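Take a look at the structure below.
All of the numbers you see were taken from the coordinates with simple rules; none came from a lab. Remember, predicted model here, so these are calculated numbers, not experimental data. Cβ: placed from backbone, ideal geometry, glycine included. Neighbour counts: every protein chain shown.
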């Protein structure tokens with residue numbers, strides 16, 4: 001938001017994709033919806049978190065597999081997501097390395113991209129359209145292949161891909177009303193700003 005400054009559009013979607021991942025709808029500078037729920041476990045598939053689940057899955061695991069609350073939490077937060085699907089790992093770089101010979105690694109990447117596309121489309125509905133989609137986070141900033149796969153499924157909003165499947169830092173289809181940009185997350189800087197704001201005036 002700070003980086004966009006005066007270029008902040010009325011309808012913004014932020015896809016923060018990393019070990020943790022979320023998609024947020026921002027209307028006139030205010031967040032109105034996000035893919036995560038009460039905990040960070042919901043929403044898109046993540047490195048080791050499951051993302052959205054049918055609540056019946058939890059009931060099934062408790063009744064049929066005799067999992068208690070601690071076991072469910074461990075399964076959902078630490079042994080699911082990309083790791084659970086692939087059996088290889090939760091790091092997208094590792095999955096790309098394994099994808100040529102490992103069908104489960106390829107499946108994990110495909111499911112991640114599909115999951116993000118669904119959430120972006122949901123946020124478009126929440127915003128009644130979109131003016132800008134921003135990719136950020138470790139995967140969002142650095143993984144051109146994943147960005148391109150996500151954007152290919154969003155071509156109907158003009159989120160196209162350029163030469164060699166690359167999504168440039170600013171990629172605009174002249175026939176579309178929407179843009180795609182890639183921005184660094186600058187999480188540490190934002191944490192520092194909030195911390196500074198909370199310090200007593202005598203210390204700051």
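Determine, for 117, 63, 106, the number of other Cβ atoms within 10 Å of each Cβ, and report the residues in order from fewest to most. Could the numbers behind the result be given before it?
Numbers: 117 20, 63 9, 106 16.
With the fewest neighbours first, 117, 63, 106 line up as 63, 106, 117.
For n ≥ 4 DSSP H runs only, could you compute -39500 (n - 2.57) per run for the chain, divide by its residues and tell me the 222 nm figure to the nearest 500?
Values: 8 runs with 85 residues, N = 204.
My calculation for the chain gives -12500 deg cm²/dmol from helical runs alone.
If R0 is 22 Å, what FRET efficiency do you get for residue 60 and residue 114 from their C-beta distance, rounded to 0.05?
E between residue 60 and residue 114, to the nearest 0.05, is 0.40.
How far apart, in nm, are two points set 7 Å out from the Cα along the Cα-to-Cβ line at residue 5 and at residue 104?
It works out to 4.9 nm between the two label points.
What is the spin-label model distance, in nm, from residue 192 to residue 68 if the labels are put 7 Å beyond Cα along the C-beta direction?
4.5
Rank these for me by crowding, 6, 74, 68, going from fewest to most other beta carbons within 10 Å.
The fewest-first ordering by Cβ neighbours comes to 6, 68, 74.
For the range 5-198, how big is the tail of P(r) above 32 Å, as a whole percent of Cα pairs?
Values: 3551 of 18721 pairs.
The calculated P(r) of the range 5-198 puts 19 percent of pairs beyond 32 Å.
Build a GNM of the chain with springs between Cα atoms under 10 Å: which of 108, 25, 122 gets the top mean-square fluctuation?
122
Under 10 Å, Cα contacts only: if you run a Gaussian network model on the chain, which one of 61, 107, 183 comes out with the highest mean-square fluctuation?
Highest fluctuation of the listed residues: 61.
Given points 7 Å out from each Cα along the Cα-Cβ axis, report the residue 156 to residue 77 separation in nanometres with one decimal.
Label-label distance for residue 156 and residue 77, simple model: 3.7 nm.
Please build a GNM for the chain, connecting alpha carbons under 10 Å apart, and tell me which residue among 100, 31, 50 fluctuates the most.
In this elastic network of the chain, the residue with the biggest mean-square fluctuation among 100, 31, 50 is 100.
Among 145, 64, which comes first, then next, by fewest other beta-carbon atoms within 10 Å?
Details: 145 16, 64 8.
Ordered by Cβ neighbours within 10 Å, fewest first: 64, 145.
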